[in-house]
1. Regarding residue 93, is this residue open to solvent by 20 Å² or more (accessible area, probe 1.4 Å), in the same structural domain as residue 17 (by TED's automatic domain parsing), in contact with a strand residue (DSSP E or B) (Cβ under 8 Å, 6 or more places away or on another chain) and over 30 Å from residue 270 (Cβ atoms)?
2. Does residue 262 satisfy being surrounded by fewer than 21 Cβ atoms within 10 Å (Cβ to Cβ) and more than 13 Å from the ligand (Cβ to nearest atom)?
3. Quick check on region 210-245: of everything there that is within 22 Å of residue 176 (Cβ to Cβ) and in contact with a Ser or Thr (Cβ under 8 Å, 6 or more places away or on another chain), which residue is surrounded by the fewest Cβ atoms within 10 Å (Cβ to Cβ)?
4. Contact list please: Cβ distance under 8 Å, first residue in region 158-179 and within 21 Å of residue 145 (Cβ to Cβ) and among the basic types (Lys, Arg), second residue open to solvent by less than 70 Å² (accessible area, probe 1.4 Å) and at pLDDT 90 or above, pairs at least six apart or on different chains.
5. Pairs, please: C-beta under 7 Å, at least 6 apart or cross-chain, first residue touching a residue at least 12 places away in the same chain (Cβ under 8 Å) and in region 1-29, second among the hydroxyl-bearing types (Ser, Thr, Tyr) and surrounded by 17 or more Cβ atoms within 10 Å (Cβ to Cβ)?
6. Report every pair of residues separated by at least 6 positions or lying on different chains whose Cβ atoms are under 6 Å apart, first residue within region 222-240 and among the hydrophobic types (A, V, I, L, M, F, W, C), second away from the ligand (no atom under 14 Å from the Cβ).
7. Just the residues that are assigned to a strand (DSSP E or B) and among the acidic types (Asp, Glu), please, taken from region 106-132.
8. Among what's in region 134-184 and is outside any helix (DSSP H, G or I) and among the polar types (S, T, N, Q), pick the residue that is farthest from residue 86 (Cα to Cα).
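The values are calculated or read from the model by the stated rules, or taken from the named source; none is laboratory data. Here the structure is a predicted model, which means the values were calculated and not measured. Note that we place each Cβ from the backbone using ideal geometry, even for glycine, and neighbour counts take in every protein chain shown. Areas reflect the complete protein model, heavy atoms only, side chains present, ligands, DNA and RNA absent. Shrake-Rupley method; radii C 1.70, N 1.55, O 1.52, S 1.80 Å.
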Amino acid sequence: MDRAAEAILREEIFQHLKELVGDTVVVTRQQLWDFNLKGETYHLIDRNRGIRNPKDMLATLSILSDPKSKYPDEEVGGSLFAYAYREGSVDGDNKKLRRALELELPLILLRKIADGVFVPVLPVYVVADDKPNHRFLIALDESLRSVADPINLQPLEREYAQRVTKQRLHQPEFRGRVLRAYECRCAVCHLRHAKLLDAAHIIADGKPNGTPTVNNGLSLCKIHHAAYDENFLGITPGYEIRINQSLLDEVDGPMLRYGLQQMHGRPLSTPSRARDKPSAERLAERFAEFQAFS
Ligand SMILES: [Zn+2]
């Protein structure tokens, strides 16, 4: 396959993968292994290694990044994503990744969020081979491909790169983890429709305690997310749903009556795993805000 044909094939694979991932933003190892495009099967993940180098492709197709792995993949000072050389592995691993840089072929970054579960980030681009530090630098966004010196970003580029990292890496990962923990259901009304669900923060992102961890998250439908953010709806540290008194006193149509008023006093649905349950301390902090508003 020549470079042009491979670029087109990659584009088709990416498009189809995006559709497969959809609003849950996650994909399983099996789906990546059995990936089907126009009757052909493509393995988008390697069986054993953290890099997928298809024999009949010129360059690496996907790289896997596991926050818990021994490889120190990282976000370099909040700038470009760094992917460590695969030490001691087949030389072809690094060679084919270098080819992706030379041929400017986009690839897939698979971020592992649980055993056999990944949030794919795509397309991403290899923009530098940082030999002294044994790593490749990966741009998570098209416009970061053109920076003059990927290893030493200018302040404005760095700021932009940080924003991109948040949008393309951290937010989808948070969404993937939260929706998965809540089995794709609203914690208040049990609505099961990924398109209508958000991964809400208990303590807002950017505040102390506003970590992107599942115990600072809630899977909420759009209306209950907005109601929670606006303090029309509160959640006690004991996982009980409360509705603002002024809203309880109001008389209006079915959304107010069934969607909000009837939720008052109901228990919140929480994830089955203890460490995924909403942190009582954070809920208490937010509930104090709700009470002050009421
Ligand atoms: Zn809901």
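1. Details: open to solvent by 20 Å² or more (accessible area, probe 1.4 Å): no; in the same structural domain as residue 17 (by TED's automatic domain parsing): yes; in contact with a strand residue (DSSP E or B) (Cβ under 8 Å, 6 or more places away or on another chain): yes; over 30 Å from residue 270 (Cβ atoms): yes.
Spelling it out, it is not the case that residue 93 is open to solvent by 20 Å² or more (accessible area, probe 1.4 Å), in the same structural domain as residue 17 (by TED's automatic domain parsing), in contact with a strand residue (DSSP E or B) (Cβ under 8 Å, 6 or more places away or on another chain) and over 30 Å from residue 270 (Cβ atoms).
2. Judged against the criteria, residue 262 is not a match.
3. Top of the filtered list is 215.
4. Every condition considered, the pairs that remain are 168/121; 168/140; 168/141.
5. 13/42
6. Here the result reads 232/244; 232/247; 235/283, each pair linking region 222-240 to a residue that is away from the ligand (no atom under 14 Å from the Cβ).
7. Step one: filter region 106-132 for residues assigned to a strand (DSSP E or B), giving 107-114, 117-130.
Listed by number, the residues that qualify are 129, 130.
8. Within region 134-184, the match that is farthest from residue 86 (Cα to Cα) is 154.
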